[in-house]
Every structure is written in C-alpha cells, then in structure tokens.
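I have placed the structure first, in the form of structure tokens, so that the comments after it can refer back to it.
The values are calculated or read from the model by the stated rules, or taken from the named source; none is laboratory data. As the structure is a computational prediction, the values presented were derived from the model and not from experiment. With ideal geometry, Cβ positions are generated from the backbone for all residues, glycine too; neighbour counts draw on all protein chains shown.
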Amino acid sequence: MSHFILASQSPRRKTLLEWAELPFDIIVSDSDENYPADLALDKVPVFIAQNKALAVQDKIIAMQPEHIGKCIIAADTVVVLDTSIIGKPNSREEAIESLTALSGRSHKVITGVVLIYNGTVHSFSETTEVIFHELTLAQIEFYVDNYKPFDKAGAYAIQEWIGVVGIKSIQGDFYNVMGLPVSKLLQKIKQLGIA
C-alpha cells in the first residue's frame, strides 16, 4: 500500500519516483503558480510547491479521505539566469528566445520540495548549476520544433537531445534539473521516519 501522494502531473517526477521504487499515488489539484514580487528567487519554487501541496491536502480532506495520513510530496522547478526566472515558454518564439539567452551561459536550476506529513509542512530546495555550450539558431530551432518544450522551465529538458548536444557541464544533482532531487528527498523521508 502506498504511503505517499505525488502532487504533480509531471511525467518526469513520476518517472523519478518510480526509479526510486517509492510507492505512490498521484493526486493533482489546480494551484496558483504566482508568487509575491518581492520574494527572493531561491524561495520561489518552495513557495509554489507549498501551494501545490496544500491544495492537494485540501482536496484529500474534502473528497478523498482514504488518503488522509499519507505523506504529500510536491515540487516546483525554476531556471534562474542572472537575476531573472526563465519560466515555461508560451510559444515557439518564447522558447527560442529563452534558449538563445541560455546559450553559452551558466544558469541555476532550483527545485523546491515540500512534504506534508501528519499535518506538518517540511520543505527544502536544491540548486544545480548548468552551463550550455554556444548553441546555433539551427540547433535551437531543431530542438524546439521536434521536442516542443512548452511545459518545461527554461524551455528545455536535460534528458532530451538538447542535454546531450548542448550542455557543457553541470555542478550538482542531475535529477534536480529533471525536476526532482530524488536523493535528497529520500534522505528527508528517512529523516522523518516515514515507512
């Protein structure tokens, strides 16, 4: 029987938890991904993840009481270039613009993770530095047109073609860039004594 609820519809987070062989159910609830304008950039993903987790907790209490008592796991990932967050692109043009900005540069990928267990909120974040090679416009257009990264922060997924040909180096947790720092999550679960 599952002791965990993944509050995410991300196929990548689902896959990572499966690789960790953590038994879980998925419950998604719409939550606002906005955040206060004065919030420090490294606090943004935890803020959004907490909203996701709380929304799922409310949904469980109201509609799915059989899941009460399970640990809710929520996460949010942001890509930070200099002092700006590069979000999910809304169009082909925005995706090309985002990848052009990242080309040849270093940026940070920050994932905030929130767990709600026994009514208590626990949170942490993980930061990975990623450096892209210089990308040609042809490479960027090929990636955007073939992989359509419109649901991805920063307009890319490290585990796809762009990661193989475009990434020069990473410092930190690779899986964090995929959307979930699984190793740190498992350590946190162990620390909390969740079966």
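Scan segment 70-119 residue by residue and report those that are polar (S, T, N, Q) and either closer than 15 Å to residue 177 by Cβ or surrounded by 17 or more Cβ atoms within 10 Å (Cβ to Cβ) (or both).
77, 98, 106, 111
Find all pairs meeting these conditions: Cβ atoms under 6 angstrom apart; at least six residues apart or on different chains; first residue within segment 168-193 and closer than 18 Å to residue 155 by Cα; second residue among the charged types (D, E, K, R) and assigned to a helix (DSSP H, G or I).
From segment 168-193, the pairs are 178/12; 179/12; 179/13; 180/13.
Checking residue 119 against (1) modelled with pLDDT of 95 or more; (2) under 30 Å from residue 193 (Cα atoms); (3) more than 19 Å from the chain's Cα centre (by Cα), only one condition comes out false. Which one?
In the conditions (1) modelled with pLDDT of 95 or more; (2) under 30 Å from residue 193 (Cα atoms); (3) more than 19 Å from the chain's Cα centre (by Cα), residue 119 misses (1) alone.
Here's the yes/no breakdown for (1) aromatic (Phe, Trp, Tyr); (2) in a loop (DSSP other than H, G, I, E, B); (3) in contact with a Ser or Thr (Cβ under 8 Å, 6 or more places away or on another chain); (4) surrounded by 14 or more Cβ atoms within 10 Å (Cβ to Cβ):
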position	(1), (2), (3), (4)
8	no, yes, no, yes
21	no, yes, no, no
37	no, yes, no, no
51	no, no, yes, yes
59	no, no, yes, yes
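Specify the residue that is farthest from the chain's Cα centre (by Cα); the eligible residues are those in segment 50-80 that are over 23 Å from residue 186 (Cβ atoms) and of a type in the set (Asp, Glu).
66
Can you tell me how many residues within segment 104-130 are within 21 Å of residue 168 (Cα to Cα) and without any contact (Cβ under 8 Å) to a residue 40 or more places away in the chain?
Residues that pass the stated criteria total 4.
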